[in-house]
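Before I ask anything, let me first share the structure, which is written out below as structure tokens.
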Amino acid sequence: MNSNNQSVINAIKKSARNSKLFPNLEVLGSYDEFSQSVVIDYMDENQFSEYTKAIKNFIKNTDTNSFELGEDYELIRKFLSTCVHELTHWLDHTSTLWGQNHLILTYNAINAWANKNEYDFFWIATHDSARNRAYLATYYTEEYEASKKTSNVERWRYQFSCGLEFGVNGIPREDRPIIFTTFSNPQGERVIRIPFTVSSLTEANATYAEKTVNAQCFYMLSEDDKIVEENILKAKAFENIYNTKLAIYSVAPHYLANILGIDDIILAYKFSSALSTLCLNLPKRLFKYLKTPNEFSLWGERVEALKKLYDPGFAYCSIIANAPKYSENLKMSDWIEEAVANSGLPNIEEISKMTLLEMEDLQRIIIDGKYTDRLKHLLSIGISNFSKRGIYGKNVLSVENLFSTEIKLPLILLGDECIVSINKNSYFSDANELSEWLYESMEIEMRIDNFLKACRY
């Protein structure tokens with residue numbers, strides 16, 4: 001690639017790490033929602049080829065004990081977990097009802113700018129508002145003094161509250177309530193307050209996919225090494241769930257584990273991921289029927305305002321409060337069905353039909369422009385992937401299916417500016433097409449940001 005392409009791709013990687021919809025706290029990988037690009041920063045093309053070949057050999061090998069990875073195990077595990085984390089973000093963004101709605105807002109903003117029709121520029125502000133709504137943690141998170149002296153292994157208590165967003169004029173908006181989760185240590189001291197947003201749900205999904213792959217990687221080890229590695233990862237998972245810097249990754253499963261009575265962290269992520277995906281797919285017409293917890297009645301009219309915002313995080317909190325307690329004999333499908341029934345919603349099959357109809361109906365607000373065909377192609381892929389994932393994401397990306405899944409996945413941008421494919425079902429036809437799109441989208445995003453700075457109320 002030429003130097004211009006390299007500078008654009010570096011800018012894309014920077015944009016991905018600063019994403020408002022899909023927060024990135026690490027530099028290993030990231031997802032840029034504006035260009036829908038998956039980035040794995042730390043890897044080059046040679047490493048990618050080497051690791052994918054080793055993993056495919058392992059999958060084909062029926063005698064796992066004869067397959068020796070040696071020192072490469074940790075590198076391969078990190079590669080797989082990073083891939084599935086970021087690719088799950090892409091799937092949530094493209095194949096859920098919430099994600100498709102946001103994609104249309106993004107491309108309407110892009111086409112409005114490309115068309116130079118000033119009377120369509122309101123789409124730019126509309127997109128920016130939705131983008132910021134999804135990830136409010138930048139301003140609204142508060143970390144308290146107790147966080148500095150609280151151990152990562154002390155169990156937290158949680159409490160919900162409801163605040164208000166500030167409008168562009170600096171005045172709190174009664175029609176824009178925010179759900180907060182405040183965690184306290186065993187001494188009753190506040191540790192952190194964090195908004196419960198869409199990002200809480202997408203991070204629960206991506207982190208569960210990552211943890212699933214980590215567990216599957218144990219089978220690449222000898223029996224003795226497997227036990228050691230499993231204990232290390234369990235200890236790390238426990239520490240992470242009580243780490244303030246990672247609170248956005250754990251707030252959704254943390255709440256679920258408390259309500260359902262689940263002690264196993266991986267199991268809590270599994271149930272949380274299923275419900276998160278369901279809430280990202282919940283049709284707007286069903287929000288008015290949601291049965292809300294009694295404790296939310298203290299919020300008064302803000303409860304109805306949350307329903308009118310079609311807030312997936314609000315749906316998640318409400319459905320968990322109505323869900324049955326966990327038991328070993330309870331199947332995930334039965335738990336989901338009972339949870340939605342207790343919440344005043346139709347059965348899963350009916351909700352799925354409504355979701356597909358609403359996905360199709362969303363397309364009526366698409367504006368014409370240079371990038372409309374790209375959007376419609378992406379939406380059609382998303383609907384196809386939705387039918388394979390299911391409304392609560394039954395088909396999680398894994399070691400076995402990552403390289404052969406029927407689900408279409410995007411090309412991946414590596415740290416050396418190379419563009420690679422994880423499997424044959426890639427969204428873009430080739431690297432040149434993706435490279436051109438990255439250049440154009442980054443240029444448009446920069447100009448749109450400048451336009452927003454010029455807007456005044």
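Quick one: Cα centre-to-centre distance for the range 291-313 and the range 428-457, in angstrom?
The two parts, judged by their Cα centres, are 36 Å apart.
Continuing with the same structure: Scan the chain and note any complete DSSP helix (H) whose C-alpha atoms cover at least 24 Å along its axis and whose Kyte-Doolittle average is -0.5 or more. Walk me through the intermediate numbers first.
On the way: long enough: 72-95 (33 Å, -0.36); 97-115 (27 Å, 0.05); 198-216 (28 Å, -0.37); 223-241 (27 Å, -0.62); 372-389 (25 Å, -0.41); 431-454 (35 Å, -0.40).
Span-like helices here: 72-95, 97-115, 198-216, 372-389, 431-454.
Taking 0.36 nm per intervening residue step and subtracting the Cα-Cα distance, what contour gain separates Arg157 from Tyr140 on full extension? Please list the in-between numbers first.
Numbers: separation 17, 0.36 × 17 = 6.12 nm, distance 1.96 nm.
Stretched fully, the Arg157-Tyr140 segment lengthens by 4.2 nm.
Moving to a separate point now. Want the number for Glu443 to Arg456: 0.36 nm per residue separation, take away the alpha-carbon distance, what's left? Kindly include the intermediate steps, with their values, before the conclusion.
Values: separation 13, 0.36 × 13 = 4.68 nm, distance 2.28 nm.
Full extension of this stretch gives 2.4 nm more.
A further question follows. Rg/Rh for the range 97-237: what does it come to with C-alpha atoms and Rh from Kirkwood?
The Rg/Rh ratio comes out at 1.12.
So what is the relative contact order for the chain, in percent, with contacts set as C-alpha pairs under 8 Å and at least six apart? Mind showing how you got there, number by number?
Values: 694 pairs, mean separation 102.1, N = 457.
22 percent.
Kirkwood hydrodynamic radius, computed over distinct alpha-carbon pairs, for the chain: how many Å, to one decimal? Each step should come with its number before you reach the end.
Working: mean 1/r = 0.0436 Å⁻¹.
Taking the inverse mean of 1/r over all distinct Cα pairs, the chain comes out at 22.9 Å.
Take each of the peptides 272-280, 432-440, average the number of other beta-carbon atoms within 10 Å over its residues, and list them starting from the highest.
For the peptides 272-280, 432-440, the packing ranking is 272-280, 432-440.
Which whole-angstrom value gives the distance between the alpha carbon centres of the range 186-238 and the range 86-130?
Here the two parts' Cα centres lie 31 Å apart.
Also: May I have the count of lysine pairs in the range 284-425 with C-alpha atoms under 12 Å apart, counting pairs 8 or more residues apart or located on different chains? Numbers along the way, then the final one.
Details: Lys284/Lys307; Lys284/Lys308; Lys288/Lys307; Lys288/Lys308; Lys291/Lys307; Lys388/Lys408; Lys408/Lys424.
Lysine pairs meeting both conditions in the range 284-425 amount to 7.
At Arg364 and Glu304, where each label point lies 7 Å from the Cα along Cα→Cβ, what is the point-to-point distance in nanometres?
2.6
What list of ³J(HN,Hα) values in whole Hz, one per residue of the range 398-404 in order, does the Karplus curve 6.51 cos²θ - 1.76 cosθ + 1.60 (θ = phi - 60°) give from phi, with Gly and Pro shown as x?
Each residue's phi maps through the Karplus curve to give 9, 4, 5, 9, 4, 9, 9 Hz.
Considering the Cα positions of the range 371-457, please state its Rg to one decimal place and its Dmax as a whole number of Å.
Computed over the Cα atoms of the range 371-457, radius of gyration and Dmax are 16.5, 52 Å.
Which of the trypsin sites (Lys or Arg not before Pro) found in the range 331-438 are in a DSSP loop and have at most 16 neighbouring Cβ atoms, other than their own, within 10 Å? Before the final figure, lay out the partial values.
Details: sites: Lys331, Lys353, Arg364, Lys370, Arg374, Lys376, Lys388, Arg389, Lys394, Lys408, Lys424; in loops: Lys331, Lys370, Lys394, Lys408, Lys424.
When the trypsin sites (Lys or Arg not before Pro) of the range 331-438 are filtered for loop state and at most 16 Cβ neighbours within 10 Å, Lys331, Lys370, Lys394, Lys424 remain.
If one computes P(r) from the Cα atoms of the range 151-209, what percent of pairs lie at distances over 12 Å?
Details: 1251 of 1711 pairs.
That tail contains 73 percent of the Cα-Cα pairs.
Setting aside same-chain residues fewer than 8 positions from Lys226, which aspartates and glutamates have a Cα under 15 Å from its Cα?
Candidates past the 8-residue exclusion: Glu68, Glu71, Asp72, Glu74.
Ignoring everything except DSSP H segments at least 4 long, calculate the 222 nm mean residue ellipticity for the chain; use -39,500 (n - 2.57) per segment, divide by total residues, nearest 500. Please list the in-between numbers first.
On the way: 16 runs with 245 residues, N = 457.
Calculated from helices alone, the mean residue ellipticity at 222 nm is -17500 deg cm²/dmol.
Each value in this text was obtained by applying a stated rule to the coordinates, not by laboratory testing. None of the values given here were measured: they were computed from a predicted structure. Quick reminder, even Gly has a Cβ in these numbers, built from the backbone with ideal geometry, and neighbours come from all protein chains shown.
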